[in-house]
Every structure is written in structure tokens, then in C-alpha cells.
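Notes for the one structure printed next.
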There are 2 protein chains.
Amino acid sequence: MRRLFRGATLSSLNRTMEMTMNRKRASGLDIDQGNLCSGVAYGWAKKTFANRSGRFGAPLPGLDDSFSNVMDMGGLGIALSSDGIGTKVELAERIGRYDTLGFDLVAMTADDLAANGIEPVCLSNILDVDHLDAAVVDSLMRGLHDAANQAQMAVVGGEIAELGDRIGGYGPGMHFNWCATALGVLPTGLSPISGHEVEPGHDVFALRSRGFRSNGFSLLRRVMESCFGDGWHDARYDEQATWGEVLLTPSLIYSPLITRLRRAGVNLTAVAHITGGGVEDNLARMLRPAGAGADLTGLHPPLPFMLKVQELGGVDEAQAYRLWNMGNGMLLVAPPDARESIMTLAAELDYDIRVAGAVHSRPKISIQTRGLHPTVLERPLD
Amino acid sequence: MRRLFRGATLSSLNRTMEMTMNRKRASGLDIDQGNLCSGVAYGWAKKTFANRSGRFGAPLPGLDDSFSNVMDMGGLGIALSSDGIGTKVELAERIGRYDTLGFDLVAMTADDLAANGIEPVCLSNILDVDHLDAAVVDSLMRGLHDAANQAQMAVVGGEIAELGDRIGGYGPGMHFNWCATALGVLPTGLSPISGHEVEPGHDVFALRSRGFRSNGFSLLRRVMESCFGDGWHDARYDEQATWGEVLLTPSLIYSPLITRLRRAGVNLTAVAHITGGGVEDNLARMLRPAGAGADLTGLHPPLPFMLKVQELGGVDEAQAYRLWNMGNGMLLVAPPDARESIMTLAAELDYDIRVAGAVHSRPKISIQTRGLHPTVLERPLD
């Protein structure tokens, strides 16, 4: 189910971790059931591919380790990517600010497309609410509009469903869950980025994030609550902001950079969107098709509030780097001759980028962490 | 917001009804907030169309009264349609049967595409759960598979999100909300079905439904609960089935017939998918572009259990025909010379179809109802 069912998929990839730590307890999610469900869902979905075999919309093979499917639509490669923003919504409910979540929603869907070299084009969103509050809906949709502008996408469809007590949340206001499906196109003449062309000696670049994206919030909330009680969102992080505000920091959208690089002819051999599973799992996923390994010694440091969360929760380095992006929201892999173009174009678009390491031929990934207790995380390639 | 936000849209179309009845109380939904929210969401969404103006994926004009948007993708017309199955999910939770909801999910999304003459191609689904139960997920996905086969679609994407107490439902099992976005293509050489070419003298055909679709369940549940108490789903409807089983009856998917008719060159001038708002609103919506009216004297009768619900709830004819499909799941409009082809092809595909009435030039819709208290519902065209 790697290819299709994102949430459960990441659980599946994380399976080996369970040997060394009880992630079920740590993350609040049931990993075994996640594996089982993802397998089940993928099994049924894959059987339906035959319905379009040899016809308009036939799913293309080759992206088994990605979260996008590219379909052949009359010679065009069109892909869909569905995702939601999970329990990050609770942050917005807690502090009453709703205009940033659109950035998380666009980031989660558009950047999954971008990770396969697919240009995001448009998006249809579904907002499930317990009851309607027009002021909240206005803020949400304004934020989605702003984020869509940044990603150069059109919001072409939507559904608002009133589901009463099927939807729960924090506090007395409107509660909601929000998800979207983004559609993207494979640029004419280009192949999807699949990782198959990764080679030893290729650079691994890290793009800096500006906060937590839409994953790892179960543990975040538990850490906060155990330190500051139920009203933790109002606890001061520093003189400028509360913890609620800091954790709500909207996701940075990386797709415009990938589009720009691809259009400039830069050869990206792999791209990993760092969400659940962290750098380690997502790096492994992007290297698996080529059977290559990598050493990352130069990742961006975590943001200061990430270190503080780690300290407050007593979260060890391995767990922090698996559940959270720890300052690195996307990784790019490219041959050495692309380095200058990548650094230049990223700077032009105001992305903070650095060379974080290199691909090698050994079947192992190692990551020099930069959390509270720096260490080297190693894992064999599976 | 007609074009984009389905749930709220229908509320908007229903606004005039409020003058004669308190639908807020009757349906359990807040119509005024619905109108406001749909307007707000559409306002922000429409501004983002400029992001694709003159580029790949530019939304085409002309479908303001539909629930699909067609985008120009390199000469191809591609459309997305998002919807969920609302609180019908509770029925499945009540009786522990999960393999029929996939038909509702495909019907809600594929038939919105079909109503614009767009062929459904594939679908990406998002399942929000409180916690995972692999057996339930297996049944849901098996049903989705079966429904996708019927609609000849591929399930190309998915997301399973564990959201804990953000998701509520009935009983002790896994609770969930389920939605999807379907992608369809406008057949080469054909225009979308927009209603603009409807003319006086065109036939209106009604396709029989086999039960409630995914709308009107708030009132259904209230009627059942007030008659049979909390465990109403176990109350016998007849010797064969409980009320829970009867109300769970899966939606019939009409898109294969529309695809077949269009491919056979049959000129459909309007198609209405009868969901929230019923025959009246959806008929008005499809006639509005041409400014035509219609008399429907020959609709299919409601299914027997629909009459029984009407009786148990003391639901008047007007309300029943607005909240429920009352036996007619889709309406087709076509010039008289298409009648024979339509009747023949529908029969070949086992759809129960009849000529229900005709289009005329007066700015009025009248519907001969066939509920418990047959009457003629009239409304001016707005």
C-alpha cells in the first residue's frame, strides 16, 4: 500500500522501528493495524487498475514507493494526491486562528506531487464540520486561497459537509477535519522522478522547514499537555509567541522550487517530502529503487522550538527524527553538475538550502542528527 | 457557490423553501449558514482560477450550475468532483455491514461528473477514522472495488487518517467519515452537458432509484428514532429485512448509462443527479441555463419503504420530494428523436427508465408527486 494510502503507508515503512521502541505508545497510533489496513486497501485498489488498462487513464507503473500515481491520459501524465492535515487542526481550534491551515493542506498534497516531479495544477477540498461557522470557513478558505496562489494552483472544487457529532474537536467552536486531492501534470518530455536514476556520488540537498508540518501532532500534544496542562496552547514559548502559535506555524510549500528546477532542465534524481517517518524513512524510500545508501552529515539544525519540545518531552533523537522533520522539510538528490543551478535557483526563490550529504553504494543510511543529543542514526536499506 | 461546494450549494438552491417551511428544524442543517459558507468558499476559490488562466488547467466557463468543473488540460477537458457519503455511514455502523458504502461513494462522485457528460475515469478516496479496524477497512475497500468496477473506474489513490476523537459515530466499533474525489474526462469532440441546449418539447426521462442515496439522512434518523427508539435499526421493516438494512440500500450508479448514451451519439441536453434538494431543485438547476420550465407527470413511484418513512414521520409531500429522491435518482433531458435510443440502451443496461414529462417554455416547474398524499408541486423558475 505504499503507493496509495499515505497515512498507513508510512506506518508500514516504520515497521522495523518497533523492534527498538514502542512506537504504538509513543505516537498514539496503532502501527500493526496501520500496516494491515494499508495492505488491505491497496490490495483492493490495485485490482481496479484493470478497469482502465489499455484505456484512457491507465495507471503507469514505476512509482510503487511514492504517494502519487501517474495516469496516462491521452499521452498526458496526470496524477492525483490526496491527504489531510490531521490533528494539526486542533491547534487552530485552540488559538482561534484559521488562516494558516490552507498552507498545510496545499503543502501536504502539492509537495507529494512535486516529490515525483509532477507540477501541481489544481485542487479540490473537502471540509467536514460538526456545524458551520461562516467566519471560520472564511478564514480557512482565505488561507487556502493564499496557499494556492503560492503554489500556482486553482481551487476548482470543494465540498462542505455538516456531519454533526461525527466530528469532534477542542473547545466550543466549529470543529472540522480538512482534506484535499491535488491534481498535477507531468511536464511534457520529462519522466516522473522515481529514484531509479540515483547513483553513488549524487548530492543530497536539504531544504529548511519553518516548523512542524501536518504529522507527529499526537506526540506533540501529549508532550505539551503533560508539561502545561489542558490549556497548554496559551503557555508562553517566548516573549513573542505562545506554544499554540509556535506549533501552528504553517508548512512551507516546496513545489514551486521543484517546478522551477525541472523547467530549468535540472536533473533531479530523487525528491523526498519529509512528513511522517521523518528523514530516515523518506530517504530510505527514495533510495530504495536504486539500491543506494547515503550519509547525511549536513542537515539543517532543528528549529529552536523543536529542540525545546524534545527537551520537554524527553524525546530521544531517533524518535524525534522519525516523527518530525527536525528542520528539513524536503530532500533533493541530483548529480554533482546540478549543484550550482540548484543552489542558485533555490536562493532566488528564497528557499534555505544546503548540501546535506551524498549518495554512496553501501546498503546503509546514516544520519548525523542535530537535536538535543546529536548522534548518528544508522539503518540498513530494506 | 453552486459550482463548487456541493453541500452548501444545495442549501443555497433551497433557500426559497424556507419561506414556507422551517427546513432548518426539519433537516437538522442550518440553511442560512450554509448559504453564507458556500458563498464565502466560492468567493475565495474563484479568485484562484487566475492562477491557471491561459495555462494548463485553466477552468472552463459555462458550468456555473453544476457540481463539476472542467479544466482545459492541453486540449483535454478534465474534471474533478468531490463528495462524501455523509451520515449514511451511521447505518453501516449500526448494522455492522460495510461493503455497500463504496457504491454510495462512487455514485455521489461519478454521477456528478456524468450529469455534465463527463466520463468518470478514476478516484482517490480519503477515509478518516477514530481508530483502525482492518476487517472494517477490508469490507469498505471491497465495496469500493466492486463499485469502481461497475463504474469502470480505477481507485488510484487513497489516504487513511487516524484522527482519534475528532471522529465520532454510533456504537463501539470503528467510526469513520469517507469522501472521495473523482476525475473524469470530457469525450473528445463533445461538449459538457450544461442545460443550455434544452428546448421546449424535449422529453424528461426519469431513472428509477433503489433507495435513499447519501442525502436526507438527518431527517431519516430522526423519524426512525422517534418511532423505534435508539435501537431503531433492528426494528423489522418486513419479514426479510430490518429498517437498518433497508435504509442502507446502496446507491445505484448511473454513470455507465450516460457514458453509453454519449458514446452512441445520443444528444442529452441536460442531466440531473437527484441528491439533496430532490427532483424540484435539481430539475430547476438543469433548466435554468435555458430558461425553460417542465411538467413532470410520470415520475417513478417512491419505493415502498420511502412511503412508509413518510408515513411514520408525518413528512409532507413537498418535504419528502425535496429531501429524498422518492424513487427517481437521475433525470435526463433529450430531444424527441432520441427517445427510442435512450429507452433501448437503458433497458440493455438494466436501468428502469420512463418518460416522466416534457420541457415547455413557461417559467414554471410542476411535479405530480406519487407519495402518500399525491399532489402537484409547483415553483416558479428563479
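The values are calculated or read from the model by the stated rules, or taken from the named source; none is laboratory data. Everything numeric here is computed off the predicted structure, so don't read it as measured data. Cβ sites come from the backbone with ideal geometry, for glycine too, and all protein chains shown count toward neighbours.
For B:GLY189, the conditions (1) in a loop (DSSP other than H, G, I, E, B); (2) buried (at least 24 other Cβ atoms within 10 Å of the Cβ) all hold with the exception of (2).
Results for (1) in contact with a Lys or Arg (Cβ under 8 Å, 6 or more places away or on another chain); (2) under 29 Å from B:ALA356 (Cα atoms); (3) among the hydrophobic types (A, V, I, L, M, F, W, C), shown as yes or no for each residue.
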| residue | (1), (2), (3) |
| --- | --- |
| B:MET153 | yes, no, yes |
| B:ASN177 | yes, no, no |
| B:PHE212 | yes, yes, yes |
| B:LEU220 | no, yes, yes |
| B:GLN240 | no, no, no |
| B:SER251 | yes, yes, no |
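Quick check: is even one residue across region A:251-263 in contact with a Ser or Thr (Cβ under 7 Å, 6 or more places away or on another chain), crowded, with 24+ Cβ neighbours inside 10 Å and under 19 Å from A:ARG97 (Cα atoms)? Yes, some residue in region A:251-263 is in contact with a Ser or Thr (Cβ under 7 Å, 6 or more places away or on another chain), crowded, with 24+ Cβ neighbours inside 10 Å and under 19 Å from A:ARG97 (Cα atoms). Residues that are crowded, with 24+ Cβ neighbours inside 10 Å and more than 9 Å from chain A (Cβ to nearest Cβ): does region B:166-176 have at least one? Checking region B:166-176: not a single residue is crowded, with 24+ Cβ neighbours inside 10 Å and more than 9 Å from chain A (Cβ to nearest Cβ).
Given the criterion facing chain B (nearest Cβ under 7 Å) and under 22 Å from the mean Cα position of the chain (by Cα), identify the matching residue among A:VAL106, A:VAL121, A:VAL137.
On the way: A:VAL106 fails: facing chain B (nearest Cβ under 7 Å); A:VAL137 fails: under 22 Å from the mean Cα position of the chain (by Cα).
Matching residue, one of A:VAL106, A:VAL121, A:VAL137: A:VAL121.
The set of residues in region B:156-187 being under 20 Å from the mean Cα position of the chain (by Cα) and of a type in the set (Val, Ile, Thr) consists of B:THR181, B:VAL185.
Take B:ASP130 and decide whether it is surrounded by fewer than 24 Cβ atoms within 10 Å (Cβ to Cβ), at pLDDT 95 or above and at the interface with another protein chain (Cβ under 9 Å from one of its Cβ atoms). So B:ASP130 fits the description; yes. Can you name the residue in region A:306-323 that is surrounded by fewer than 19 Cβ atoms within 10 Å (Cβ to Cβ) and of a type in the set (A, V, I, L, M, F, W, C) and is also nearest to A:VAL355 (Cα to Cα) among such residues? Checked region A:306-323; the qualifying residue nearest to A:VAL355 (Cα to Cα) is A:LEU307.
The criterion of at least 3 residues that are in contact with a Cys (Cβ under 9 Å, 6 or more places away or on another chain) is met by none of the helices (runs of 4 or more DSSP H) falling completely within region B:211-300.
Just to be sure, is A:LYS46 at pLDDT below 90 and either more than 8 Å from chain B (Cβ to nearest Cβ) or not in a helix (DSSP H, G or I) (or both)? Working first, answer last.
Details: at pLDDT below 90: no; either more than 8 Å from chain B (Cβ to nearest Cβ) or not in a helix (DSSP H, G or I) (or both): yes.
Judged against the criteria, A:LYS46 is not a match.
When B:VAL246 is tested against (1) outside the structural domain of B:TRP324 (by TED's automatic domain parsing); (2) over 27 Å from A:MET71 (Cα atoms); (3) buried (at least 19 other Cβ atoms within 10 Å of the Cβ); (4) out of contact with any Leu (no Cβ under 7 Å at 6 or more places or on another chain), just one condition goes unmet, and that condition is (1). The lone criterion from (1) under 14 Å from the mean Cα position of the chain (by Cα); (2) closer than 24 Å to B:PRO61 by Cα left unmet by B:LEU207 is number (2). Taking (1) surrounded by fewer than 24 Cβ atoms within 10 Å (Cβ to Cβ); (2) more than 9 Å from every other protein chain (Cβ to nearest Cβ); (3) more than 18 Å from the chain's Cα centre (by Cα); (4) not hydrophobic (A, V, I, L, M, F, W, C) in turn, B:TYR98 satisfies each apart from (1).
Residues that are under 18 Å from B:SER53 (Cβ atoms) and of a type in the set (A, V, I, L, M) within region A:148-186 comprise A:ALA148, A:ALA151, A:MET153, A:ALA154, A:VAL155, A:VAL156, A:LEU183, A:VAL185, listed in sequence order.
Among the residues of region B:151-162, is there at least one that is under 16 Å from B:ALA114 (Cα atoms) and surrounded by fewer than 24 Cβ atoms within 10 Å (Cβ to Cβ)? Within region B:151-162 (the criterion being under 16 Å from B:ALA114 (Cα atoms) and surrounded by fewer than 24 Cβ atoms within 10 Å (Cβ to Cβ)), the answer is yes, since at least one residue qualifies.
Yes or no, residue by residue, for (1) more than 21 Å from B:ASN325 (Cα to Cα); (2) in contact with a strand residue (DSSP E or B) (Cβ under 6 Å, 6 or more places away or on another chain):
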{"residue": "B:GLY168", "(1), (2)": "yes, no"}
{"residue": "B:TRP178", "(1), (2)": "yes, yes"}
{"residue": "B:PRO192", "(1), (2)": "yes, yes"}
{"residue": "B:ARG210", "(1), (2)": "no, no"}
{"residue": "B:PHE228", "(1), (2)": "yes, no"}
{"residue": "B:TYR237", "(1), (2)": "no, no"}
{"residue": "B:GLU245", "(1), (2)": "no, no"}
{"residue": "B:THR259", "(1), (2)": "yes, yes"}
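Taking region A:321-339, which residues are part of a helix (DSSP H, G or I) and touching a Ser or Thr at 6+ places or on another chain (Cβ under 8 Å)?
A:TYR321, A:LEU323, listed by residue number.
Do we find a residue being out of contact with any Leu (no Cβ under 9 Å at 6 or more places or on another chain) and at the interface with another protein chain (Cβ under 8 Å from one of its Cβ atoms) anywhere in region A:178-200? No; the residues of region A:178-200 include none that is out of contact with any Leu (no Cβ under 9 Å at 6 or more places or on another chain) and at the interface with another protein chain (Cβ under 8 Å from one of its Cβ atoms). Does A:ALA356 meet the test of being buried (at least 22 other Cβ atoms within 10 Å of the Cβ) and either assigned to a helix (DSSP H, G or I) or at pLDDT 95 or above (or both)? Answer is yes for this residue.
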